[in-house]
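Each remark here refers to the structure printed beneath this line.
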Amino acid sequence: MSSPCLRRWKQAVFLCLSGFGAHAQDAPAAPAEAPRMPLVVGAYAQGSIIMAHTYAIRHLVASHPTGFEINLQRQTTGAAPWHGWYKFPKVGLALTYYDFHNPVLGYAFAASPYISKSFSRGEKHDFSFRLGTGLAYLTNPYNQETNHKNTIASSALNATLQFRFEYDYALTPHLALLAGLGLNHFSNGATTKPNFGVNLPSVVLGLNYHEQRHPVQVNPYAPAPEDVGHMFYNVSTSLGFKQRTEGDKQKYLVNSVTLAVGRRMNRKSNLLLGVEGFNDRSLKATLDDTTRAGLKQPDVKKAGVFIGHELLFGRLAFDSHLGFYVYAPYKSSTPYYERLGLKYHFTNLLFGAIDLKIHRGAADVIEFKVGAKL
């Protein structure tokens, strides 16, 4: 018989394999030990179009990109409490190759960790929605001398966002047909310009190999964490870099400080309300170029208030904020802003996050954030 120490060690191994560690507050003793998470391996072909979301990229939408994806995922079985709360999703990694069939755009290679949530799961079918984000390498970025027509991306390294509806149908006990409809997005978040990004609505068709299609899943009703209904406080700071124009190659520092109060509403969600200040040094450079000599320049610093939501998966959270500037003497953007990002708690106290700050659908800056939960 296993000793208590050995059982605890096995549970820790399962948490690491799940890809997302359970938060300390989310880890009451499980009534049953979860079995090993079975592997699913997929190979898919993708056919896409380039969405003309702005006039500046219309000259690039004539081609029809095609892609190929290798997909590795595991079916959760209950090692962490959030597995049961989300009806046992899959977690995985997508490795994607795209040929834009356009010498201006070249090729793209991307790696995207993701989570896939089932809407309907039966003996032979699984209808699900998956959401992932990661990094992409584009082979032909903008170059003023040699590739000035590529207004989509001016850097080789980009962020990628992928979401997709998928239908998996069993052909044999292990082999399944996969059909999907989704969107792939590539952008560098205005780190360099031009950066209009590319949106690729895509049709997906391929095969999945299931190591075990219907594994045993335990702890479907894990108790709610102890901090549900409790208040907490966040303090954080961030930094990012952005380029003003194609002609100005300098990268300008952008940083912020945030204070927020939050409440854990239930097993899956936090709500936040906060204030923050911003200092975007690219705005000062713009004023230096455009202000007449002797005239007083407005303050480029800004302050805002925001309301936010965090969708929780153990230590990991998808965060979304809507904010409004309450102090902005220099009117350089819309009076509101949005944030989308990923947040990870390294400990109960310390967290890190990567956020994309947006003004009316246009990327402003990618922020790298560190903070503390008090």
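Tabulated values for the structure
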| read-out | value |
| --- | --- |
| Most mobile of G47, G240, G361 in a GNM of the chain (Cα contacts under 10 Å) | G361 |
| For region 318-335, Karplus couplings with θ = phi - 60° (6.51, -1.76, 1.60), whole Hz, Gly/Pro x | 8, 10, 9, 10, 10, x, 10, 6, 9, 9, 7, x, 9, 7, 9, 8, 5, x |
| Positive minus negative residues near T347 (Lys, Arg vs Asp, Glu; Cβ under 13 Å) | +2 |
| Charge dipole (debye, nearest 20) of the chain; +1 at Cβ of Lys and Arg, -1 at Cβ of Asp and Glu | 500 |
| Under 19 Å from K249, Cα to Cα: aspartates and glutamates that are on another chain or at least 8 residues apart | E145, D280, D288, D289, D364 |
| Cα-based Rg / Dmax (Å) for region 61-129 | 16.5, 49 |
| Heavy-atom accessible surface of region 94-188: percent carbon and sulfur, 1.4 Å | 68 |
| Span from the region 121-140 Cα centroid across to the region 238-301 one, whole angstrom | 32 |
| Portion, in percent, of the accessible area of region 268-330 that falls on carbon or sulfur, probe 1.4 Å | 63 |
| Alpha-carbon gyration tensor eigenvalues x 5, square-rooted, for the chain, Å | 39, 30, 15 |
| Mean projected area (nm²) of the alpha-carbon convex hull when region 139-261 is viewed from all directions | 13.3 |
| Lysines whose Cα lies under 23 Å from that of K117, excluding same-chain neighbours fewer than 8 positions away | K87, K90, K268, K343 |
| Among F129, F119, F186, residue whose mean-square fluctuation peaks in a GNM of the chain (springs only between Cα atoms under 10 Å) | F119 |
| Whole-percent pair-distance distribution, where bins are 5 Å wide, for the alpha carbons of region 303-364 | 4, 17, 24, 21, 15, 11, 6, 2, 0 |
| Whole-number accessible area per residue in Å² for the chain, which is evaluated in the context of all protein chains at 1.4 Å | 49 |
| Kirkwood Rh in Å, taken over all unlike Cα pairs in region 106-176 | 14.7 |
| Most to least accessible of K242, K284 (protein chains only, probe 1.4 Å) | K284, K242 |
| Quarter of Cα convex hull surface for region 227-283, i.e. mean projection, nm² | 5.1 |
| Under 12 Å, Cβ to Cβ, from G371 - net charge with Lys/Arg +1 and Asp/Glu -1 | -1 |
| Residue with peak Gaussian network fluctuation, the chain [Cα springs, cutoff 10 Å], from F318, F127, F346 | F346 |
| Longest segment of the chain lacking GluC sites (Glu not before Pro) that sit in a DSSP loop with at most 13 other Cβ atoms within 10 Å | 227-374 |
| Rg [Å, one decimal], Dmax [Å, integer] - region 263-374, C-alpha atoms | 16.5, 58 |
| Given K193/K331; K149/K302; K284/K369, the pairs whose alpha carbons are separated by over 29 Å | K149/K302 |
| Kirkwood hydrodynamic radius of region 21-175, from inverse mean 1/r over distinct Cα pairs, in Å | 18.0 |
| Summed side-chain charge close to I50 - residues other than I50 whose Cβ falls under 15 Å, Lys, Arg +1, Asp, Glu -1 | +1 |
| Estimated dipole of region 271-374 in Debye, rounded to 20 [Cβ of Lys and Arg +1, of Asp and Glu -1, Cα centre] | 160 |
| Area accessible to solvent at Y98, 1.4 Å probe radius, in Å² | 0 |
| Residue-level accessible surface for M231, protein heavy atoms, 1.4 Å, Å² | 110 |
| Sparse-neighbour loop sites [trypsin sites (Lys or Arg not before Pro); region 53-143; at most 15 other C-beta within 10 Å; DSSP] | K87, K124 |
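The values are calculated or read from the model by the stated rules, or taken from the named source; none is laboratory data. Remember, predicted model here, so these are calculated numbers, not experimental data. Note that each Cβ is placed from the backbone with ideal geometry, even for glycine, and that neighbours are counted across all protein chains shown. The accessibility values were calculated without ligands, DNA or RNA, using every heavy atom of the protein model including side chains. Shrake-Rupley method; radii C 1.70, N 1.55, O 1.52, S 1.80 Å.
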